[in-house]
Amino acid sequence: MSFNKVLIISDNAYLCNEFKKIIENLSNKNYSFDFAISPFSKPKDFDNQVDIYDLKKSEDIKEIISRFDLIFSIHCKQIFPIELVENVKCINIHPGYNPINRGWYPQVFSIIHDLPIGATIHEIDNKLDHGPIIAREFVEKYDYDTSESLYNRILAKEVDLLNKYLPQILENTYSVVMPENEGNIYLKKDFNDLLKIDLDKNYSAGELIDKLRALTHGSYSNAYFLDRKTGEKIFVGINLKKDE
C-alpha cells in the first residue's frame, strides 16, 4: 500500500527546494505533499508558505497523525516523539553514515575522529538516528575539508539518495537493513565541548588543524580562545587552499 499524504518537516531551505524539484519530476502525481518547519526556523527563509509544527505540543502531534500517512524529517531540529513514530511512518534524511555518524553535526566529528562520513535515509524509531536503513552511501573526505565543504558534499549525496529512493519510499516497496551495531552518537553537548581552544594545552599541529577545520563553517563563530588579559572570547577559524 503506497503513501499518499506526505509531510516534509525541515529546517533546511536548500533541501526543501531540492525536494520540491524531485517531486515535480515524479511520474506518479497521485501524492499530496505539505511542507512544514519547526519553531526554530523563520517562514520568510523558505520560498513558499509553510506550516509550523512544534513536536512538543500534543495538539500539533495529533493534527499531523490525523492528516498524514508518511513524514520526512529533513534536517529537522526537533526530536520526533514516540507517539508520532508509532502512528505514522517516519523517515529521516541524515547527514551522516549510520551507525558511524549518529547525532549532531556528523561532519565535525568525522574530521575530529577521522571517521568515514556519508548520508543515510532510514526509518525513525525511538532512538536518535538509529532505525532500519533504507539507503546509505559514503562521501569522500579530504585533508583540506572544513566542516562547510564536507557538509556541502554530504548535502549533494542526500539529494542524490532522495532522487534514487523517493519513488520506492512513496510506493512502500523499499527494503531495509538493520544497523550493524550501535555505532557512534554525538550530542550537542559534545559539540559545545569542542569549541574552546586551551592556550595552555599542548596540541600537535595535526590535532590543532583538524580541530580548526572541523569547527570552521562559513560565517559561524565556533572555535575560540580566551583573551589572556580580558578573558573575552576570541573566535578563530582556518582557511585552507589546495595547491593547484
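Note down the relative contact order for the chain as a percent, whole number, built from C-alpha pairs under 8 angstrom at least six residues apart.
17
Would you mind getting the accessible area per residue of the chain, heavy atoms of the protein chains only, 1.4 Å probe, in Å²?
Value for the chain: 54 Å² per residue.
Å³ per residue of the Cα convex hull, for the chain?
Working: hull volume 37.8 nm³, N = 244.
Considering the Cα atoms of the chain, their hull volume per residue is 155 Å³.
Round to the nearest 0.05 the FRET efficiency obtained for K5 and D54 when R0 = 25 Å and r is the Cβ-Cβ distance.
Working from the Cβ atoms, E equals 0.80.
Could you work out the relative contact order of the range 135-244, using alpha carbon pairs under 8 angstrom and six or more residues apart, expressed as a whole percent?
It comes to 29 percent, rounded to a whole number.
Extending each Cα 7 Å along its Cβ direction at F138 and D160, get the distance between those two points in nm, one decimal.
Calculated label separation equals 1.3 nm.
Carbon and sulfur together cover what percent of the accessible area of the chain at a 1.4 Å probe radius? Intermediate results must be reported in sequence, preceding the final value.
Values: 6380 of 13190 Å².
That share works out to 48 percent.
Run the dipole for the chain about the Cα centre, Lys and Arg Cβ at +1, Asp and Glu Cβ at -1, nothing else charged, and hand back the magnitude in debye, nearest 20.
380
Students often forget the sequence filter, so: which aspartates and glutamates lie under 17 Å Cα-Cα from K189 once same-chain residues fewer than 8 apart are removed?
D129
Placing +1 on the Cβ of each Lys and Arg and -1 on the Cβ of each Asp and Glu in the chain, which of I65, P95, I52 has its Cα farthest towards the positive end of the resulting dipole?
I52
Taking the Cα centre of the range 100-244 as the origin and placing charges on Cβ (Lys, Arg +1; Asp, Glu -1), which of T230, P106, N163 is farthest toward the positive end of the dipole?
T230
Treating only the Cβ atoms of Lys and Arg (+1) and Asp and Glu (-1) as charged, compute the dipole magnitude of the range 38-166 about its Cα centre; round to the nearest 20 debye.
For the range 38-166, the charge dipole is close to 80 debye.
Given the pairs K44/K188; K57/K77; K42/K233; K42/K77; K157/K211; K196/K233, which are separated by over 18 angstrom at their Cα positions?
Numbers: K44/K188 26 Å; K57/K77 15 Å; K42/K233 28 Å; K42/K77 13 Å; K157/K211 24 Å; K196/K233 9 Å.
Over 18 Å Cα-Cα: K44/K188; K42/K233; K157/K211.
Among the DSSP beta bridges whose two residues both lie in the chain, what percent are antiparallel, rounded to the nearest 5?
About 40 percent, rounded to the nearest 5.
Identify all aspartates and glutamates with a Cα-Cα distance to K141 below 20 Å; exclude those on the same chain that are fewer than 8 residues away in sequence.
Counting by Cα, and skipping residues close in sequence, K141 has these aspartates and glutamates nearby: D114, E158, D160, E207, D210, D243, E244.
Would you mind working out the magnitude of the charge dipole of the range 165-244 relative to its Cα centre, with +1 at each Lys and Arg C-beta and -1 at each Asp and Glu C-beta, to the nearest 20 Debye?
With Lys and Arg at +1 and Asp and Glu at -1, about 440 debye.
Is the shape of the range 1-112 rounded, prolate or oblate, going by the alpha carbon gyration tensor and its root eigenvalues a ≥ b ≥ c, with a/c under 1.5 for rounded and a/b larger than b/c for prolate?
rounded
The values are calculated or read from the model by the stated rules, or taken from the named source; none is laboratory data. Keep in mind that this is a model prediction, so the values were computed, not measured. Don't worry about glycine lacking a Cβ; one is built from the backbone with ideal geometry, like all the others, and counts go over all protein chains shown. Side chains included, ligands, DNA and RNA excluded: accessible areas come from the protein's heavy atoms. Shrake-Rupley method; radii C 1.70, N 1.55, O 1.52, S 1.80 Å.
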